[in-house]
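Visitor: Below you will find the structure I want to go over with you.
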Amino acid sequence: MRLLARLPYDTVFGTVYAGLKINLCLVATCLPLLTALALSGGSPLQAWPFYTALSALCGPAAAAAFAAFQALSEGEHHVGRTFWTAYRATFARSLAIAAAAAAAVIVLAADFQLALGSPFGAVTPLLALLIALVAVTVTALLAADAKPTWRTTLACAYLSIRHWYLSLANLAILGILAAAVVAKPAIGLLLLPAPALYAVWANTRHLTAVLTRG
């Protein structure tokens, strides 16, 4: 009973409420992609280039969520207002970063498909690693709120490789989140995005600590 009395209920409920608000904001900003997934008759894998291109809209949403997590860690509980402020402020830059990453993934994944079962099958592991590197690099750029220059992009790629264990954890978390959204939309959209993206943000903030200090 004494332990229950000491639990910071206000903090717990405030954090849960903030997470739910961020989830709703994410759903609103990613609505075109979610609508396309809901209306698709077959498996999303059958039209993966289209959904990969459309997923660029998640870039500004992720950047805004990362900004909300940063504000929340600093004691700001108006995460909804912070989310939309960051979304408007970083929309063009984060969309450009996500669109470039989506284009790179489409090219690499197409090459991966062509190489499978062909004499060039030996390059498929390298192509898979490059796709993973693109994913973790764009995540680092968005979380660090860095300008997409060649220098910052190469720095994020290097740091992602150097801290490969954090990058691997981020890929696993994002993969589980994507699978949950496709398999169980209600759970995947209303419960998981905020805690999953918070874990990715926390890992990436440590990964890009050198950039943020600079």
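Visitor: In this structure, does Ala179 turn out to be under 15 Å from the mean Cα position of the chain (by Cα), surrounded by fewer than 16 Cβ atoms within 10 Å (Cβ to Cβ) and assigned to a helix (DSSP H, G or I)?
Guide: Yes, satisfied.
Visitor: Ok, one more. Out of (1) farther than 27 Å from Ala110 by Cα; (2) aliphatic (A, V, I, L, M); (3) surrounded by 15 or more Cβ atoms within 10 Å (Cβ to Cβ), what's the single condition that is false for Ala61?
Guide: Every condition holds for Ala61 apart from (1).
Visitor: Considering only the stretch 76-163, give the helices (runs of 4 or more DSSP H) lying wholly within it that have at least 3 residues that are in contact (Cβ under 8 Å) with a residue 60 or more places away in the chain and touching a helix residue (DSSP H, G or I) at 6+ places or on another chain (Cβ under 7 Å).
Guide: Once the helices (runs of 4 or more DSSP H) in the stretch 76-163 are filtered for at least 3 residues that are in contact (Cβ under 8 Å) with a residue 60 or more places away in the chain and touching a helix residue (DSSP H, G or I) at 6+ places or on another chain (Cβ under 7 Å), what remains is 79-115, 124-144.
Visitor: Let me ask another. Specify which of the listed residues (Arg88, Arg81) is basic (Lys, Arg) and either touching a strand residue (DSSP E or B) at 6+ places or on another chain (Cβ under 7 Å) or farther than 21 Å from Pro148 by Cβ (or both).
Guide: After applying the criteria, what remains is Arg81.
Visitor: Which of the residues spanning the stretch 76-91 are small (Gly, Ala, Ser) and open to solvent by 50 Å² or more (accessible area, probe 1.4 Å)?
Guide: Within the stretch 76-91, just Ala89 meets the criteria.
Visitor: Another question about this same structure. Is it true that Leu116 is crowded, with 17+ Cβ neighbours inside 10 Å and under 22 Å from Phe50 (Cβ atoms)?
Guide: Taking the combined requirement at face value, the residue does not satisfy it.
Visitor: Select from the stretch 182-205 the residues that are open to solvent by 30 Å² or more (accessible area, probe 1.4 Å), in a helix (DSSP H, G or I) and not hydrophobic (A, V, I, L, M, F, W, C) and list them in ascending order.
Guide: Pro185, Pro195, Tyr198, Asn203, Arg205
Visitor: Next up: Here are Ser55, Ser94: which of them is open to solvent by 40 Å² or more (accessible area, probe 1.4 Å), under 20 Å from Val200 (Cβ atoms) and of a type in the set (Ser, Thr, Tyr)?
Guide: From the options Ser55, Ser94, the qualifying one is Ser55.
Visitor: Condition (residue is open to solvent by 60 Å² or more (accessible area, probe 1.4 Å), within 14 Å of the chain's Cα centre (by Cα) and of a type outside the set (A, V, I, L, M)) applied to the stretch 133-149: is it met by at least one residue? Spell out how you get there, then give the answer.
Guide: Going residue by residue through the stretch 133-149, those that are open to solvent by 60 Å² or more (accessible area, probe 1.4 Å) are 145, 147-149.
Add one more test, that the residue is within 14 Å of the chain's Cα centre (by Cα), and what stays is 145.
Next, from what is left, pick out any that are of a type outside the set (A, V, I, L, M): 145.
Yes: one or more hits.
Visitor: Something else now. Under the condition of being touching a helix residue (DSSP H, G or I) at 6+ places or on another chain (Cβ under 7 Å) and not aliphatic (A, V, I, L, M), which residue from the stretch 64-75 is farthest from Leu108 (Cα to Cα)?
Guide: To start, the set of residues in the stretch 64-75 that are touching a helix residue (DSSP H, G or I) at 6+ places or on another chain (Cβ under 7 Å) comprises 64-69, 71-72.
When the remaining residues are screened for being not aliphatic (A, V, I, L, M), the result is 66, 69.
On the way: Phe66: 27, Phe69: 32 Å.
Looking at the filtered set, the residue picked out is Phe69.
Visitor: Answer with yes or no whether Ala179 is of a type in the set (Gly, Ala, Ser) and closer than 19 Å to Ala99 by Cα.
Guide: no
Visitor: Is it fair to say Ala71 is open to solvent by less than 50 Å² (accessible area, probe 1.4 Å) and in contact (Cβ under 8 Å) with a residue 24 or more places away in the chain?
Guide: So Ala71 does not fit the description; no.
Visitor: Would you confirm, using the coordinates I've provided, whether Ala110 is over 18 Å from the mean Cα position of the chain (by Cα), at pLDDT below 95 and open to solvent by less than 40 Å² (accessible area, probe 1.4 Å)? I'd like the intermediate steps shown before the answer.
Guide: On the way: over 18 Å from the mean Cα position of the chain (by Cα): yes; at pLDDT below 95: yes; open to solvent by less than 40 Å² (accessible area, probe 1.4 Å): yes.
So Ala110 passes the test.
Visitor: Another one. Just the residues that are of a type in the set (Val, Ile, Thr) and surrounded by 19 or more Cβ atoms within 10 Å (Cβ to Cβ), please, taken from the stretch 97-106. Steps first, answer last, please.
Guide: Of all residues in the stretch 97-106, those of a type in the set (Val, Ile, Thr) come to 97, 105-106.
Residues satisfying the conditions are Ile97, Val105.
Visitor: Please determine, by comparing only the residues of the stretch 25-39 that are farther than 17 Å from Ala194 by Cα and without any contact (Cβ under 8 Å) to a residue 12 or more places away in the chain, which one is least open to solvent (accessible area, probe 1.4 Å).
Guide: Thr35
The values are calculated or read from the model by the stated rules, or taken from the named source; none is laboratory data. The structure presented is a predicted model; accordingly, all values stated were derived computationally and were not measured. Glycine gets a Cβ as well: all are built from the backbone with ideal geometry, and neighbour counts include every protein chain shown. To get the accessible areas, we keep the full protein, side chains included, count just its heavy atoms, and leave off ligands, DNA and RNA. Shrake-Rupley method; radii C 1.70, N 1.55, O 1.52, S 1.80 Å.
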